[in-house]
1. Kindly establish whether residue A:141 is open to solvent by less than 60 Å² (accessible area, probe 1.4 Å), of a type outside the set (A, V, I, L, M, F, W, C) and more than 14 Å from chain B (Cβ to nearest Cβ).
2. Which condition from (1) within 14 Å of chain B (Cβ to nearest Cβ); (2) modelled with pLDDT of 95 or more is the one that residue A:261 breaks?
3. Let me confirm something: among A:392, A:328, which residue is assigned to a loop (DSSP other than H, G, I, E, B) and in contact (Cβ under 8 Å) with a residue 40 or more places away in the chain?
4. If you go through the range B:147-166 one residue at a time, do you hit one that is in contact (Cβ under 8 Å) with a residue 40 or more places away in the chain, more than 9 Å from chain A (Cβ to nearest Cβ) and hydrophobic (A, V, I, L, M, F, W, C)?
5. Might you let me know whether the range B:387-398 holds any residue that is buried (at least 22 other Cβ atoms within 10 Å of the Cβ), among the β-branched types (Val, Ile, Thr) and either under 30 Å from residue B:574 (Cα atoms) or within 13 Å of chain A (Cβ to nearest Cβ) (or both)?
6. Checking residue B:213 against (1) small (Gly, Ala, Ser); (2) farther than 20 Å from residue A:138 by Cα; (3) in contact (Cβ under 8 Å) with a residue 60 or more places away in the chain, only one condition comes out false. Which one?
7. Residue A:371 versus (1) under 21 Å from residue A:433 (Cα atoms); (2) in contact with a helix residue (DSSP H, G or I) (Cβ under 6 Å, 6 or more places away or on another chain): which is the lone unmet condition?
8. Would you mind finding the one in B:212, B:252 that is within 14 Å of another protein chain (Cβ to nearest Cβ), part of a helix (DSSP H, G or I) and open to solvent by 30 Å² or more (accessible area, probe 1.4 Å)?
Protein chains: 2
Amino acid sequence: MNEVVSPQSRSTQSANRWLSAFAAALARDDAAAAAALFDSECYWRDLIAFTWNIKTSEGRGAITEMLKATLATVRPTNWKLDGDATDSNGVTEAWFTFETAFARGKGHLRLKSDKCWTLLTTAQELKGFEEKKGPTRPFGTDHGIHPGRKNWAELKSEEEATLGYTKQPYVVIVGGGQGGLALGARLKRLGVPTIIVEKNERAGDSWRKRYKSLCLHDPVWYDHLPYLPFPDHWPVFSPKDKIGDWLEMYAKVMELNYWSSTTCKSARYDEAKGEWTVEVERNGKPVTLRPKQLVIATGMSAVPNLPSYPGMDSFKGTQHHSSKHPGGEGWGGQKCVVIGSNNSAHDICADLWENGADVTMVQRSSTHIARSDSLMDLGMGALYSEAAVANGITTDKADLIFASIPYGLLAGFQKPIYQEMAKRDADFYGRLEKAGFMLDWGEDGSGLFMKYLRRGSGYYIDVGASELICNGSIKLKSGVGVERIKEHSVLLSDGTELPADLIVYATGYGSMNGWAAQLISKEVADKVGKCWGLGSNTTKDPGPWEGELRNMWKPTQQEGLWFHGGNLHQSRHYSQFLALQLKARMEGLPTPVYGLGKVHHLN
Amino acid sequence: MNEVVSPQSRSTQSANRWLSAFAAALARDDAAAAAALFDSECYWRDLIAFTWNIKTSEGRGAITEMLKATLATVRPTNWKLDGDATDSNGVTEAWFTFETAFARGKGHLRLKSDKCWTLLTTAQELKGFEEKKGPTRPFGTDHGIHPGRKNWAELKSEEEATLGYTKQPYVVIVGGGQGGLALGARLKRLGVPTIIVEKNERAGDSWRKRYKSLCLHDPVWYDHLPYLPFPDHWPVFSPKDKIGDWLEMYAKVMELNYWSSTTCKSARYDEAKGEWTVEVERNGKPVTLRPKQLVIATGMSAVPNLPSYPGMDSFKGTQHHSSKHPGGEGWGGQKCVVIGSNNSAHDICADLWENGADVTMVQRSSTHIARSDSLMDLGMGALYSEAAVANGITTDKADLIFASIPYGLLAGFQKPIYQEMAKRDADFYGRLEKAGFMLDWGEDGSGLFMKYLRRGSGYYIDVGASELICNGSIKLKSGVGVERIKEHSVLLSDGTELPADLIVYATGYGSMNGWAAQLISKEVADKVGKCWGLGSNTTKDPGPWEGELRNMWKPTQQEGLWFHGGNLHQSRHYSQFLALQLKARMEGLPTPVYGLGKVHHLN
């Protein structure tokens, strides 16, 4: 009999064959044989399934080493292809599931000529400690009769009254923005007692208190929080107050222990007890919390970089960092100077101009500009868009596809997007350059998202301000530094003097370990080192190559100290893995960390 | 060549053939030919697609008549099967889509020997007035530069400050429980300016203020509100305060104009102007609203039936209707008599007993009892359960499947469920009868849901109280009436005297047109007549047969007056059709109502 084999099932067969060989090598603890199934250029990205770390092993040697260190405890089994493999441009892609001694996992592989080019392994849930959902959701009422029973509202009040006072939380999260909320929700579903400490009065205030015109720069499909997606009429770009209200609702509906109007004063770790002492002030009253784990989720953009120019003290007008800028209202007719040329600088300049101010932007170094429409189309469309939804790409799937591209390959994957963008918007870029604006596309032409990962800065997603620069409505001084601030002006390095009633320093933010310095100690901040950045050896992202974001969502050199942050996509996706790491520790599972990051930079 | 036809595609072919013949008959305006395609026993249920009404036409004659009256304006076209047909027990079932002059529709058909047994047609959206969702969702920010632009928060404040004062809403909904909220959300998405008037301080208070142990009696899969489903960890049976918080969140996230702490004092209709004058008191201040449409959504269980027994005035203890009963706390050791034997009576008795009270239930007439587990399994499992979710039955699909069974057939569909239940729980029912409890299964054995539809009463979904009756913990006096209330006791018709510190009258609720009597006038209430009930000619549901719930979610004899209510399933599903009826009127589409219900009963 002739068997008709479609190209589709040929890829599936090839993926199946690879997965079986791989599983067999792992089952007999043969790290070398497993590594030999990889291409000479190869990446294995692991999200806590093998390494209890977020770790990419690059090359056969690194993969062998990782397997030798982990196989004995991880004991992976039950590798199964999940759906059919697909083929494009000579690369076979497939999804699979697997188990380890402690977890159920999902993964993704890319084969080139039957050898593995990229492998992603992720732990999805801990065996015996699964989230209660769907068929295992709680019943809600205890049918039957229970004298003296407490109802939901009473149990909730009781938890609120005791947690942090007579009962200690296992985790304290400092910062109740999208990061703290997403992680808090995951921990809640995992049954990890957690308190979120937030200085503002209401969840969502960190958005509400920003400048008036602010909307999310990422589109809605990229921004869902875990468990409770936005309804399908939600706008593409959420206005700040609307997202603020959503976050406030989320904290309530997910029943998080959210301590608003609470300032974290200090934290110190007792190595012997393995416990933090966290001093907070809740509604003006001191409370001491003693969690085992401390998560800093105050935002990767939250320690303002305020420059120290000579003469700043003498300035007679108003000056503040962009994070403190309330908006352009009231500045009509006045002279405003904005130092900086990234997202906030552009948004603030446009808002001031809309309010009738005389605005000058000071561009000290080149900036990458991507028009919002083009970025949505070219950069996100395949995974996060209405079209992706229609193609059946759920948020979870999109997150995993994105995670499956190792950072070592990502820049290469990104470059064609920006080459296409440069072509599509050539006229726009021409006009910007003609206006004197210094453009770049990242040092290697890999564009916006790589800049975000490497340094968290250096770009503007254009939603209109660039046109104001092109047509001169926003005045531009580019390629200059600030020499000094005078009583009523800004003196630039080329000798120009810009009269100023208002100076906004849109000069960015420092590394998140600055928070550790503020809350814990400089010693601990230095011990942990710089957060964020890949070690790409480009501007503001010094090497050596790390291959993952430094210190984010994974163990640090400080026992019990974690950093959580990033945009809504990252808060959603990585909170899953951070939550599982914390849950595993609470339950006393062995969590030997492989490849804990070394510290190369203090901040 | 031999063509292999699977049974599956034979059904699909048969459904296709029927639909083509039907479409052709309608296209040539041949009502008789269309009706001839139906079986001698046949039902066509229409949700506003043909009739601008919620109307079931029963039999070929009624179908011919309906088509003759509607075809010329409806002009249905574009009938297409949606997916494959299925076959079971000689009945072919299929989904289809179609269009009318004004709407896009979905429908469902059941064929018996190639003739139509049941047909469902529903309007899903109005052409040119579709909800903005998915690909047509709003952008959220106006990219580009707009001097003096207002942001989302400012526009929202402006709407809140003007709507109802300098701008009039098109719709006023009286009552902000699940009914008002679901309808409000639909109207919001359709761009119909609406104010919801709610007497309580917070959305959800109508749940929060009930007795402490209350949980929803329907499971979570049945209870989703439109657009924003519960997350998948939501408990099966929502505790009252939790559902209250969800409703409060819903009002906020859906951006409804929700006037809490607002009492509706009166409403009158100006026939000439086609406008209501609605007097409300908002936070103690009078406001006059002038909507075109008035929706009463105060709950089908909201006009308490307080009985008038002789001697009630003389009672020295505490007495109140069940709707005013705060819970059993504080009644420990005291004598409590609960008059009634339906849901509230059972819940209240159990709660009092749990609090240590001496409780007697007075059962005046027989009651249908269904154990919660059995009801979930047998009665709801196919459409609303975790298993249904796993089978790909979305909430929308479940609602349409349920809607596809005409009320004329529903009792027949329900009977086997309750026969099975009687078998499964035979021991339980035996013990209840032994305790003296008078049981029934509905007059025709069709059980709980039919009782709900016919009279909205007469049953208890057992979550534990029945056991307390079986074992005598709750004392039972059954088959007796109340003769009179004395200073410290209840005197029953059999001469028994029950000493009482507390009397709870769990004696049910009146028809929703009682609200029209209170708010508008007795004249209008009488003009509109009884709400709810099918006309089944069983107890509390007098004939003639109506075949739909009287006056619910559809035009009434009073222009501009609508009734909305029911459980969460009904609030969700029927709000869609009520919202479309209101939107069509606002946009001035022709909405000729076919088969407006006659009034046979004043309440």
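The values are calculated or read from the model by the stated rules, or taken from the named source; none is laboratory data. For clarity, every value in this text was computed on a predicted model and none was experimentally measured. Here the Cβ positions follow ideal geometry from the backbone for every residue, glycine too, while neighbour counts run over all protein chains shown. These area figures cover heavy atoms from the full protein model, side chains too; ligands, DNA and RNA do not enter into them. Shrake-Rupley method; radii C 1.70, N 1.55, O 1.52, S 1.80 Å.
1. Details: open to solvent by less than 60 Å² (accessible area, probe 1.4 Å): yes; of a type outside the set (A, V, I, L, M, F, W, C): yes; more than 14 Å from chain B (Cβ to nearest Cβ): no.
Here the answer is no, as residue A:141 does not meet what is asked.
2. (1)
3. On the way: A:392 fails: in contact (Cβ under 8 Å) with a residue 40 or more places away in the chain.
So the residue among A:392, A:328 that is assigned to a loop (DSSP other than H, G, I, E, B) and in contact (Cβ under 8 Å) with a residue 40 or more places away in the chain is A:328.
4. Residues of the range B:147-166 in contact (Cβ under 8 Å) with a residue 40 or more places away in the chain: B:156, B:159-160, B:163-165.
Imposing the further condition that a residue be more than 9 Å from chain A (Cβ to nearest Cβ) reduces the set to B:159-160, B:163-165.
Subsequent filtering for residues that are hydrophobic (A, V, I, L, M, F, W, C) retains B:163.
Yes, the range B:147-166 has at least one match.
5. Within the range B:387-398 (the criterion being buried (at least 22 other Cβ atoms within 10 Å of the Cβ), among the β-branched types (Val, Ile, Thr) and either under 30 Å from residue B:574 (Cα atoms) or within 13 Å of chain A (Cβ to nearest Cβ) (or both)), the answer is no, since none of the residues qualifies.
6. The one condition residue B:213 does not meet is (2).
7. Result: residue A:371 fails condition (2) only.
8. Numbers: B:212 fails: part of a helix (DSSP H, G or I).
Step by step, each of B:212, B:252 is checked, and only B:252 is within 14 Å of another protein chain (Cβ to nearest Cβ), part of a helix (DSSP H, G or I) and open to solvent by 30 Å² or more (accessible area, probe 1.4 Å).
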